[in-house]
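Please treat every number below as a calculation from the coordinates, not as lab data. On a predicted model such as this, the values are computed, not experimentally measured, just so you know. We place every Cβ from the backbone using ideal geometry, glycine too, and count neighbours over all the protein chains shown.
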Amino acid sequence: MRLLLTTVCALTLGGGAAVSQDATSTSPRLGFFKAGVLCAQDSLETRAAPDTVAGTTHVIDEAPPFVSPGPRVPAVIGIGFGVRAGLKGDFGQDGVTMTVTHPPFTGAGKGATRQSFVTSLSTSHSPSITFYQFDYPYELALGEWTMTAEAAGEILYQVSFTVVPPAALPELANACGYQDPLS
């Protein structure tokens with residue numbers, strides 16, 4: 001499992017929600033929000049995240065582009081999904097709890113249905129990215145996944161994705177070149 005984040009992403013990005021409004025809620029404090037599906041990227045380092053199955057999150061240098069706005073995600077190793085977000089104004093927010101809920105993992109995932117870690121959220125001028133990437137077969141849990149960013153009791157955003165069999169989205173399943181041609 002890779003829960004990935006960047007604290008600063010030096011990109012100029014267009015705004016707006018990228019998933020249906022009924023699956024997304026955002027705080028008025030956000031000046032930028034975009035959700036989608038992306039291809040895996042190597043990480044620079046890891047950070048301790050004891051409330052995750054892996055026990056760590058990976059940190060990346062630059063945000064990969066979204067290959068689809070979602071909210072449907074093919075269950076393929078190497079595919080990820082998540083959010084680029086930034087707060088209005090000149091100051092970000094430390095102490096943001098990111099919670100990912102999902103269908104139960106099997107095998108090495110030990111039935112987990114919830115994972116969380118603490119991160120930060122940058123400004124809308126330099127949005128942060130947080131995403132979940134499938135690294136292990138036990139993570140390919142079909143169904144609804146929800147990502148919630150919360151600080152000091154306020155939900156900054158909440159977005160849902162639906163993980164589906166690769167055959168349901170064949171072009172997206174192959175968009176990153178990770179799908180085993182025999183699967």
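For SER160, work out the one condition from (1) of a type in the set (Gly, Ala, Ser); (2) touching a Ser or Thr at 6+ places or on another chain (Cβ under 6 Å); (3) not in a strand (DSSP E or B) it doesn't fulfil.
Just one mismatch for SER160, condition (3).
Which of the residues belonging to region 105-134 are of a type in the set (Ser, Thr, Tyr), in contact (Cβ under 8 Å) with a residue 60 or more places away in the chain and over 15 Å from PHE33 (Cα atoms)?
Matches in region 105-134: SER116, THR119, TYR132.
Filter region 109-143 down to residues that are exposed (fewer than 15 other Cβ atoms within 10 Å of the Cβ) and in contact with a helix residue (DSSP H, G or I) (Cβ under 9 Å, 6 or more places away or on another chain) and give me whichever is farthest from PHE66 (Cα to Cα).
Among residues in region 109-143 that are exposed (fewer than 15 other Cβ atoms within 10 Å of the Cβ) and in contact with a helix residue (DSSP H, G or I) (Cβ under 9 Å, 6 or more places away or on another chain), the one farthest from PHE66 (Cα to Cα) is LYS110.
For region 159-179, name all the residues that are surrounded by fewer than 18 Cβ atoms within 10 Å (Cβ to Cβ) and within 30 Å of LEU30 (Cα to Cα).
THR162, VAL164
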